[in-house]
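S.K.: The structure's right below; bear with me while I get my questions together.
Just so you know, all these numbers are worked out from the coordinates, no wet-lab data involved. Everything quoted here is computed from the prediction, not taken from an experiment. Cβ coordinates were reconstructed from backbone atoms using ideal geometry, including for glycine residues, and neighbour counts include every protein chain displayed.
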Amino acid sequence: MKLAYPIATPEVRAKILGHAGPVERVCAELRDAGYDAVEPFVADPAKFDVEAWARAVERSGLAVVAVGTGPLVFDDKLSFTAPDAGARRVAIDRAKAVVRFAARLGAQVNIGKLRGEISAERPAESWACMKAAISEVGEEAANRGIVVTLEPQGRPTINNLNSTQGALDFVAELGRPNFGLMLDTFHMDVEREDIGAGVRAVAARGVLWHVHFADTERKAPGEGTIDFRAAIAALREVGYDRAITLEVKQEPDALTAARRSAAYLRPLLSRS
C-alpha cells in the first residue's frame, strides 16, 4: 500500500489538512518524510499552470493517487445541492474541470462536502440535484478513463450519507461502474462504526477505491484511540493495495504532522 499526503494546489486559499507551499519543496519534503504519493486538494485548475505543476510532481518521483475537491467548498462555497440552479451549474462545471485535471495526473476524484447538504424544506429536490450532478461529473470522468469516489462523512460534518452502508446503497442506486467509495477512519469513528467490518463490506461490493487515515479528533495515527493495526489488517484481508492518504491536523505544523504519521504507520505497513 502506498502512503500519501494531501497537498494544496497554488490557488487554494483556505488551510487544508495537508501540506502547502511551492510544489517542488513540498514534494521533496514529503518524499524525504517517507511518502510515496500525494493527493492534491484543488479549488480551480483554471487559476494555475496545470502542466508546470504536474511536471514538477512527476520530477519529484511521487505518484498522484487522488484529487480532493474540498477547496471548492471551503474557498468558493460551491455545492451540488445549492438552492440556486446557476450556483449548482457552477459547481458541476468546476467539478468537471477538476476531473480533467485529475485525468492529466492519472488520478481519481474524491467527493465529500461538495455533494452538498440535504434541505429540510426540499429534501427530494436536494437528493435529485445531488444525483444528477454526480452522474454528470461521473460521465465526464468515465469519458476520460478515471473514477469518482464518494466519502461517507460523519455528523456534524454533513447531514447525509454519514454511514458506510448508506453510502454503499447510494452508490448502488446510481449504478455507475466508475463510481465507488473512499473510507475515512475519522468519519467512521465519529459514526461509531467497526472499521474492519466497514472495509470488508465495501470491498465485498468491489468499490473500495481509496482510504483516508486519521485518528480521533483528526490526530495523527497512534495519538488517539483508533486501532490502526486492526484497520490495516482488514485492508490486507480484502486485498486492498491502493493508497492510504493521511488527513490529519497539521500540528504543530504540516511537515511535523506528516513525519509523525509516517513514522507510526510505516512499521505497521511493512509487517507481513
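S.K.: Around Ile226, which amide H atoms from residues at least 5 apart in sequence, or from another chain, sit under 5 Å from its own amide H, with H modelled in the peptide plane?
M.R.: Long-range HN contacts for Ile226: Thr216.
S.K.: Follow-up. Just to confirm a number: summing +1 for Lys and Arg and -1 for Asp and Glu over residues other than Asp184 whose beta-carbon lies under 11 angstrom from that of Asp184, what do you get? Walk me through the numbers before you get to the answer.
M.R.: On the way: positive: Arg218; negative: Glu151, Asp189, Glu191, Glu193, Glu247.
My count for the surroundings of Asp184 gives -4.
S.K.: Suppose we take every Cα in the stretch 1-55 and form the convex hull; what volume per residue is that in Å³? Show your work: numbers first, answer last.
M.R.: Working: hull volume 4.5 nm³, N = 55.
It is 82 Å³ per residue.
S.K.: Using θ = phi - 60° and the Karplus relation 6.51 cos²θ - 1.76 cosθ + 1.60, list the HN-Hα couplings for the stretch 235-246 in order, rounded to whole Hz, with x at every Gly or Pro.
M.R.: Ordered by residue, 3J(HN,Hα) equals 4, 5, 4, 8, x, 5, 10, 8, 8, 10, 9, 7 Hz.
S.K.: Could you work out which residue, out of Lys15, Lys96, Lys249, moves most in a Gaussian network model of the chain, that is, has the largest mean-square fluctuation with Cα springs under 10 Å?
M.R.: Maximum fluctuation in the GNM of the chain, among the listed residues, is at Lys15.
S.K.: Can I ask one more? Relative contact order, percent, of the stretch 2-270 when contacts are C-alpha pairs under 8 Å separated by at least 6 residues?
M.R.: Details: 512 pairs, mean separation 47.9, N = 269.
Over the stretch 2-270, the number comes to 18 percent.
S.K.: Still on this structure: For Ala66, enumerate residues with amide H under 5 Å from its amide H, sequence gap 5+ or separate chain, H modeled in the peptide plane.
M.R.: Placed amide hydrogens put Gln108 under 5 Å from Ala66.
S.K.: For the stretch 2-270, what class follows from the C-alpha gyration tensor (a ≥ b ≥ c being the square roots of its eigenvalues): rounded when a/c is under 1.5, otherwise prolate if a/b is larger than b/c, else oblate?
M.R.: oblate
S.K.: Sum up the charges of everything whose Cβ sits under 14 Å from the Cβ of Val171, counting Lys and Arg as +1 and Asp and Glu as -1, but leave Val171 out. Don't skip to the answer; put the middle values down first.
M.R.: Details: positive: Arg115, Lys131, Arg176, Arg205; negative: Glu151, Asp169, Glu173.
Here the count lands on +1.
S.K.: Tell me whether the stretch 109-152 comes out rounded, prolate or oblate; compute the Cα gyration tensor, take square roots of the eigenvalues as a ≥ b ≥ c, and use a/c under 1.5 as the rounded threshold. If you can, show how the numbers build up before the last one.
M.R.: Working: a/c = 4.37, a/b = 1.95, b/c = 2.24.
Since a/c reaches 1.5 but b/c is at least a/b, the shape of the stretch 109-152 is classed as oblate.
S.K.: What FRET efficiency do you get for Ala56 and Arg200 if R0 is 41 Å and r is their Cβ-Cβ distance, rounded to the nearest 0.05?
M.R.: Numbers: r = 38 Å, r/R0 = 0.94.
Efficiency for this residue pair is about 0.60.
S.K.: Output the Cα-based Rg and Dmax of the stretch 1-110 in Å, rounding Rg to one decimal and Dmax to a whole number.
M.R.: 13.9, 46
S.K.: Among the lysines, which have Cα under 22 Å from the Cα of Lys15 when same-chain residues fewer than 8 positions away are ignored?
M.R.: Candidates past the 8-residue exclusion: Lys47, Lys77, Lys113, Lys219, Lys249.
S.K.: Note down the net charge around Glu140, summing +1 for each Lys or Arg and -1 for each Asp or Glu among other residues with Cβ under 11 Å from its Cβ.
M.R.: Values: positive: Lys96, Arg100, Arg144; negative: Asp93, Glu136, Glu139.
For residues surrounding Glu140, the net value is 0.
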